[in-house]
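I have placed the structure first, in the form of structure tokens, so that the comments after it can refer back to it.
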Amino acid sequence: MYKMVAIDLDGTLLNSYGVVTENTKKVIKKVIEKGTEIILASGRPMDSINSISTEIGANKYFIAGNGAIIYDMQKNQTIYEKYMTKEKVLEIIKLCEENSISYNIYTETTILAKALKYNVLYYYKENLKKEESKKTNIKIVDNLEEYIKNSQGEKFVKITICDNNKHIFQSIIKKLRKINNIEVLDVLHMSRKIIKQGTEDVPIEYFYTEISLKNVNKWEAIKVIAEKMNINKEEIIAIGDNINDKEMIENAGLGIVMQGSTPVVADIADYITDTNNNDGVAKALEKFCC
């Protein structure tokens, strides 16, 4: 029996509209009732993951910032953290500003951005459908460099860099790799999401990478939770779709990816389920946990 299932959010549990379907919620409830722990593991900020965890009834732990944070929902406290220093954040900001490329800074609770673009625009549109307590916190700041310099007590989880021009994006990746003590995700394909504009579906497409402290990943955080719950790696399922899910997919007892996932993770997966728009997570859970 599998005792834990770690599930990514965007492109995995959530469909292209950012929704967990009612059918998926029913299957997750059945899995939890059978005694299997559901752990959400995402790059999103804590408040966003917390609201989705609560929505699906997964009320023990969740992983935020791609493994930088573990949050204990029962005790309402962070029990594991690996944050970036202010100096490192400013070094990356300087590089982004010099190359005129879009970036967002994720703190423990908030996304800091200069404009509503790319992933931040998607979260903003997602917020319009949510009650106030479940919204992702977004703060628009004209001068992010000055804001970070003057910040007191902020905890920096990761930085996301986005652009819709592949050449510009690849150029900045090369420069980022020269910075010491950071992890630069090697995302190989465009992120494709859908937002509603009136009655029309409007796609948002962009290349992106995520930067965190060296050796921060979802699997390292999963191991901490597994040890607390006395669960062996062979008793863990990991479900994802992208490069930030690679370590957990290759190390879990059963690694599952969504149909259409990036080849880097599809090639190492034990099983490929349906797409995120066709209840792929629910189908995988029914096959292996029910």
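Here, each number is a calculation from the coordinates, and none is a lab measurement. All of these numbers come straight from a predicted model, not from anything done at the bench. Ideal geometry is used to build each Cβ from the backbone, glycine not excepted, and the neighbour counts take in all protein chains shown.
Fully extended, how many nm does the chain gain between Lys196 and Val224 (0.36 nm per residue separation, minus their Cα-Cα distance)?
Full extension of this stretch gives 6.2 nm more.
If each of Glu98 and Thr54 carries a label point 7 Å out from its Cα toward its Cβ, how far apart are those two points in nm?
4.3
Filter the trypsin sites (Lys or Arg not before Pro) in the stretch 198-290 down to the DSSP loop ones having no more than 15 other Cβ atoms within 10 Å, then list what survives.
Lys214
If you restrict to DSSP beta bridges whose two residues both lie in the chain, what percentage is antiparallel, to the nearest 5?
Antiparallel bridges make up about 60 percent of those DSSP assigns within the chain.
Applying the Karplus parametrisation 6.51 cos²θ - 1.76 cosθ + 1.60 with θ = phi - 60° to the phi angles of the stretch 95-102, what ³J(HN,Hα) value in whole Hz is obtained for each residue in order, glycine and proline being reported as x?
Karplus values, whole Hz, x for Gly and Pro: 5, 5, 5, 5, 10, 6, 10, 6.
For the chain, what does the helix formula give at 222 nm: sum of -39500 (n - 2.57) over DSSP H segments with n ≥ 4, over the residue count, nearest 500 deg cm²/dmol?
Here the helix-only value at 222 nm equals -9500 deg cm²/dmol.
Could you tell me how far the Cα centroid of the stretch 132-147 sits from the Cα centroid of the stretch 238-264, in Å?
Centre-to-centre (Cα) distance: 30 Å.
Taking loop as defined by DSSP and a crowding limit of 15 other beta carbons within 10 Å, which trypsin sites (Lys or Arg not before Pro) in the stretch 48-107 fit?
Lys75
Quick one: which of Lys86/Lys174; Lys30/Lys125; Lys130/Lys287 span more than 29 angstrom between C-alpha atoms?
Lys30/Lys125; Lys130/Lys287
Roughly how compact is the stretch 47-201, stated as its Cα Rg over 2.2 N^0.38 Å to two decimals?
Normalised Cα radius of gyration, the stretch 47-201: 1.10.
With no solvent and one equal point scatterer placed on each C-alpha of the stretch 158-222, evaluate the Debye formula and give log10 I(q)/I(0) for q = 0.12 Å⁻¹, two decimals.
After summing over all Cα pairs, the log10 values are -0.40.
By its C-alpha gyration tensor, with a ≥ b ≥ c as the square roots of the eigenvalues, how is the stretch 1-96 shaped: rounded for a/c under 1.5, else prolate for a/b larger than b/c, else oblate?
prolate
Once a ≥ b ≥ c are taken as the square roots of the eigenvalues of the Cα gyration tensor of the stretch 140-290, is the result rounded (a/c under 1.5), prolate (a/b larger than b/c) or oblate (a/b not larger than b/c)?
Oblate shape, in that a/c is at least 1.5 and b/c is the bigger or equal ratio.
Tell me the label only: which of (1) 18.1, 53; (2) 22.6, 72; (3) 19.3, 60 is Rg and Dmax of the Cα atoms in Å as calculated from this structure?
(1)
Between Lys166 and Asn181, what is the label-to-label distance in nm when each label sits 7 Å out along the Cα-to-Cβ direction?
Those two pseudo-labels are separated by 3.6 nm.
Please arrange Phe288, Phe207 by counting, for each residue, the other beta carbons lying within 10 Å of its beta carbon, fewest first.
Final ranking by Cβ density, sparse to dense: Phe288, Phe207.
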